[in-house]
Amino acid sequence: MKIPTIAKGDIPPDHVAPDALQGIPRQQTNPGRWSGEGWDDYVKHLAGNGVHVNEGKAIKSLYCTDAGAVAHGLPHGIVNAVSAKEIAEILKAAQKHRVPVTVKGGGLTTEGESIAFGGLQLDMRGMSRVVAIDKENMTVRTEAGIYWHSLAEALRKYGLDYLSAPLNLTASVGGTIGVGGVDINSPQLGCSADQVISMQVVTPKGRIVECSEKKNRELFERVLFGYGQFGVITEATLRIRKFRPITIHYFYYSSLRKAMEDMQMLVRSDAADYIGILTMLDRVVNILVAFDSDERERLFFTNYKRYLRGFGELGFSIKTGAYYALHPWKYQEAAFLLDRKKNMMPDFTPPYHMVDGKIYDRVVVYGKAIWKYWGDKQMVIPDLATSEEKFIEAILRGNQVCKKFFPHYTLYCVAIKLFGDLPRYEMSCFPPDAKDFGYGCEFEPMLEGKTYSRDYLQSFKNEIYDIGVELGTSYYRFGGVMKGYIRRVFGDELVDKHLALKRKADPAMILNPDVIF
Amino acid sequence: MMKKELARLQKIIETRYEICNGCAVCLLSCPVWHQQRDIMLTQCGRTRAVQGGAPLEELVASINSCLLCGACKAVCPYGIDTIQLTLELRRLLVKEGMSSLADELKNSDSGISEDTHMASTSYAGKTLFLPGRQLNNDQSMLNRIIRVLGKKEPVVLCHTFGSDLAMLFEAGEMAWNENVLQPDLDGLRTIIVEEGILIPYFRKALSNTTVIGLGEAMLGIPGIVRALKPTDLYIIETRAYHADFERLVLVYNELLGPTGCKTNLNLQRAAVSTRSTGLLPRLQKSVLEPENQARRILEGLDISRIIIEDSADRMPFEHVSDYPVIHVSELISEEL
């Protein structure tokens, strides 16, 4: 491929590598905007049924993009959800008038999945109250637009907690269980979606259905991990547990491979309640282990700690210091690490969240730090989800891609327990060859306030995702702008099967269009 | 029109609203969000709308619904001064002739003195106490507080200046950089305010003066913290706490943590407000029901009494529960 010379001037050099888009036809970042035909009749129809659509300029500007800020759209109007009955009216009318309806919870998608490119934006946060807490059966019934953090607050008043949810304060319950939901206790507890006992769903045709493993099971299995294609989740019953503060330990590695191998050993052995990898540079790799109880912590130190090849903080600091003393030309790396140690690390143990060495509300602590240090006006978080066997090779290759594109980045790796061969996993973040556990890695560049072109960011994501195609993995985020990878990874047979199911459930194809199909 | 609006606002607004990326962490602590579930009434919605070039007239309701409790400022991962942003927008509404709050304040029986200047007397080296409006109307409690504060050092009372100034700020009638203070205040050692919204203003205007909220001042009086019990619910006044969150979250953790008492802090360690004080309740414009906030704070708690820093919090808690409600100054004897 010949790259044309760019004349010197205001246009910065084009960083797209010559081979970054190999095999991928150049795609428009945004889906095409819906024409608007039938919109006025739709709004009138809804008004006649008591549903008010807000078409104000100010409110529409709130919905023009998502957390990724790579794709940009604009709805024709917004409805703040208030009830399943109202949502049923919205979807029935949408089928009739063929108006697209895009659902938004926390809006933490990065590939435009929760953006309306015309049509109606349905904001589920209007339905975000806890319905009932059952302390005897240890379940909670909640409206699905609730933030996980708000659910945690409601449960904490009774000394309770949810099981597993993303380390992000403003993810919504409905949005999360629609794609999976992964946390550092997922090696033990699985995805957030696997905690669901039952759901109330409004189907694309406007039926309100209660579903579970025992009732309307097919719908239940399609909606979980279903990317919002088979219904709008309005309420969910989830398993809960007693709240416990946790103890966290970190082990530091200068080899990503060794850290991943040790992490897999810990996962297979069920050695800790929380296990994950976070990297600062690929010379500073951190295995995090945490425990809900002193007993589990004791067992870890007795039985497993000796097999870890990582160091404690002091030992690793000495080792790393010696390395940079012998490699003085890497002073910038050393300065970056010192800055992180001084400014970032204290944010992970604020004294008002620590009591007797245990951390209270680790999601608050980690969630705020994640926004502070990794959040930016744009966010790109491509990922790979692999079987146990392919994990190390996939992530080592992904790491090389990160190095090529960005000076600083973080890898966040977790394992996720699978609960058998369930239909919900069929076209999901679990690759078909994953047994017992899936492994995932998010590749998170630190944009550090710099502006990158969409082409540059897309090239980066493409290169990561190409690894997945080559190795036969899956992804946590395969919708929206990245949906071009769906057929490449899952194959036409499986995708067409799901497309047929989708067409049957949603004849006018109005619910969350351009996310998967 | 939208581009002009954005360009105009950008020149006027000092707060760096453009760095907001809509993470919505502020929503989690916003009392208006908790009660209304309307994104447009929140800081997140307002800031994103300004970024999107929304016409100012579409933002009036949003700007005027903010309780200025400061919880969003405390929890913002990017350190955006959300209170200053909202006050700047209110100031803009006044300048554009669009503010109903300023008009309603003028038309109401506000009792604001025509002269907002301090009395011309020297306060050099002294500690000044500025009570809020509610306390100004409760002479007995006011006297008690003065006596309790006096256990540490003598305190000079200035009756209405603080509460009047707070109202003018909230209404957008005054801006942060308008200095109405007489030169005699320059040597003032300490100002204790009940209206926490005044703290950033005084700190900017009087750089050599210690400015703290009444709650923090009270907790520094010998015997107060010792008097707290694990069955107490301690209600932290939100505006002063959030105005200096990074420091005070540590102070309160250190002081109150060992007592075992419950507080109105949420999981992010921001204080939940009843918002029974301030301009909006005065003008009966609040979108929040203080009693609902009080119920929310009380939910699930097993306590025997409620301790308040802000005298205005007494009423909502007394309305929704049978627990005795006492002011923090009542934890110890007022006798010297």
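Which residue is farthest from the other protein chains (Cβ to nearest Cβ), if the candidates are limited to the range B:71-84 and must be over 17 Å from B:A166 (Cβ atoms) and in a helix (DSSP H, G or I)?
Step one: of the range B:71-84, the residues over 17 Å from B:A166 (Cβ atoms) are B:71-72, B:74-82.
Right, trim to in a helix (DSSP H, G or I) and you get B:71-72, B:74-75, B:82.
On the way: B:A71: 13, B:C72: 13, B:A74: 11, B:V75: 7, B:T82: 15 Å.
Looking at residues that are over 17 Å from B:A166 (Cβ atoms) and in a helix (DSSP H, G or I), I get B:T82.
Only residues that are more than 13 Å from B:R296 (Cβ to Cβ) and assigned to a loop (DSSP other than H, G, I, E, B) were counted in the range A:144-162, giving 5. Scanning the range B:55-98 for residues that are over 13 Å from B:C44 (Cα atoms) and without any contact (Cβ under 8 Å) to a residue 24 or more places away in the chain yields B:E58, B:A61, B:G79, B:K95, B:G97. Of B:L68, B:L87, all but one fail to be within 30 Å of B:H159 (Cβ to Cβ) and either within 14 Å of another protein chain (Cβ to nearest Cβ) or part of a helix (DSSP H, G or I) (or both); the exception is B:L87. If you check A:G321, A:G310 for being surrounded by 12 or more Cβ atoms within 10 Å (Cβ to Cβ) and touching a residue at least 24 places away in the same chain (Cβ under 8 Å), only one passes: A:G310.
Looking at A:Y373, A:Y366, just one residue is in contact (Cβ under 8 Å) with a residue 40 or more places away in the chain, surrounded by fewer than 20 Cβ atoms within 10 Å (Cβ to Cβ), within 23 Å of the chain's Cα centre (by Cα) and part of a helix (DSSP H, G or I), and that residue is A:Y373. Taken over the range A:324-340, the residue count meeting the criterion of being free of Cβ contacts under 8 Å to residues at least 24 places away in the same chain, surrounded by 15 or more Cβ atoms within 10 Å (Cβ to Cβ) and within 32 Å of the chain's Cα centre (by Cα) is 1.
Return yes or no: is A:Y304 at negative phi, free of Cβ contacts under 8 Å to residues at least 60 places away in the same chain, surrounded by 13 or more Cβ atoms within 10 Å (Cβ to Cβ) and touching a Phe, Trp or Tyr at 6+ places or on another chain (Cβ under 9 Å)? Spelling it out, it is not the case that A:Y304 is at negative phi, free of Cβ contacts under 8 Å to residues at least 60 places away in the same chain, surrounded by 13 or more Cβ atoms within 10 Å (Cβ to Cβ) and touching a Phe, Trp or Tyr at 6+ places or on another chain (Cβ under 9 Å).
In this structure, does A:R141 turn out to be touching a residue at least 24 places away in the same chain (Cβ under 8 Å), surrounded by fewer than 24 Cβ atoms within 10 Å (Cβ to Cβ) and of a type in the set (K, R)? Spelling it out, A:R141 is indeed touching a residue at least 24 places away in the same chain (Cβ under 8 Å), surrounded by fewer than 24 Cβ atoms within 10 Å (Cβ to Cβ) and of a type in the set (K, R). Does A:A325 fit the bill of being among the small types (G, A, S), more than 17 Å from A:I248 (Cβ to Cβ) and in contact with a helix residue (DSSP H, G or I) (Cβ under 6 Å, 6 or more places away or on another chain)? When the stated conditions are applied, A:A325 does not pass them. If the condition is being within 27 Å of A:L499 (Cα to Cα) and either in a helix (DSSP H, G or I) or of a type in the set (F, W, Y) (or both), then the range A:405-435 contributes A:F419, A:P423, A:R424, A:Y425, A:F430.
When A:S83, A:S114 are checked against the criterion of being modelled with pLDDT of 95 or more, surrounded by 22 or more Cβ atoms within 10 Å (Cβ to Cβ) and at negative phi, a single residue qualifies: A:S114. The residues of the range B:241-259 that are more than 11 Å from every other protein chain (Cβ to nearest Cβ) and within 19 Å of B:T231 (Cα to Cα), listed by number, are B:L255, B:T259. For beta carbons closer than 7 Å, sequence separation of 6+ or different chains, a first residue in the range A:394-412 that is more than 18 Å from A:I370 (Cα to Cα) and a second that is of a type in the set (S, T, N, Q) and buried (at least 19 other Cβ atoms within 10 Å of the Cβ), the qualifying pairs are A:A394/A:T386; A:A394/A:T473.
Among the residues of the range A:151-158, some residue qualifies, meaning at least one is within 12 Å of chain B (Cβ to nearest Cβ), of a type in the set (D, E) and farther than 30 Å from A:L457 by Cα. Taking the range A:191-213 as the range and being over 14 Å from A:G175 (Cα atoms) and in a loop (DSSP other than H, G, I, E, B) as the test, the residues that pass are A:T203, A:P204, A:K205, A:G206, A:R207, A:E213.
Under the condition of being more than 23 Å from A:L396 (Cα to Cα) and in a loop (DSSP other than H, G, I, E, B), the residues counted in the range A:440-460 number 6.
Quick one: in the range A:340-362, of everything that is over 20 Å from B:V75 (Cβ atoms) and in a helix (DSSP H, G or I), which residue is farthest from the other protein chains (Cβ to nearest Cβ)? The selected residue is A:K341. Applying the set (1) within 14 Å of chain B (Cβ to nearest Cβ); (2) crowded, with 17+ Cβ neighbours inside 10 Å; (3) in a helix (DSSP H, G or I) to A:V380 leaves exactly one unmet item: (3). Kindly indicate the residue of the range B:295-312 that is of a type in the set (D, E, K, R) and more than 10 Å from chain A (Cβ to nearest Cβ) and also farthest from B:I236 (Cα to Cα) among those meeting that condition. Residue satisfying both the conditions and the ranking: B:D302.
Of A:A93, A:A81, all but one fail to be farther than 14 Å from B:G22 by Cβ, of a type outside the set (S, T, Y), more than 16 Å from the chain's Cα centre (by Cα) and within 12 Å of chain B (Cβ to nearest Cβ); the exception is A:A81. Residues of the range A:105-131 that are among the hydrophobic types (A, V, I, L, M, F, W, C) and within 14 Å of chain B (Cβ to nearest Cβ): A:L108, A:I115, A:L122, A:M124, A:M127, A:V130.
In the range B:32-45, what residues are assigned to a helix (DSSP H, G or I) and either within 16 Å of B:S273 (Cα to Cα) or facing chain A (nearest Cβ under 9 Å) (or both)?
Residues satisfying the conditions are B:V32, B:W33, B:H34, B:Q35, B:Q36, B:I39, B:M40, B:Q43, B:C44, B:G45.
The values are calculated or read from the model by the stated rules, or taken from the named source; none is laboratory data. Quick caveat: nothing in here was measured; it's all calculated off a predicted structure. Every residue, glycine as well, gets a Cβ built from its backbone with ideal geometry; the counts of neighbours run over all protein chains shown.
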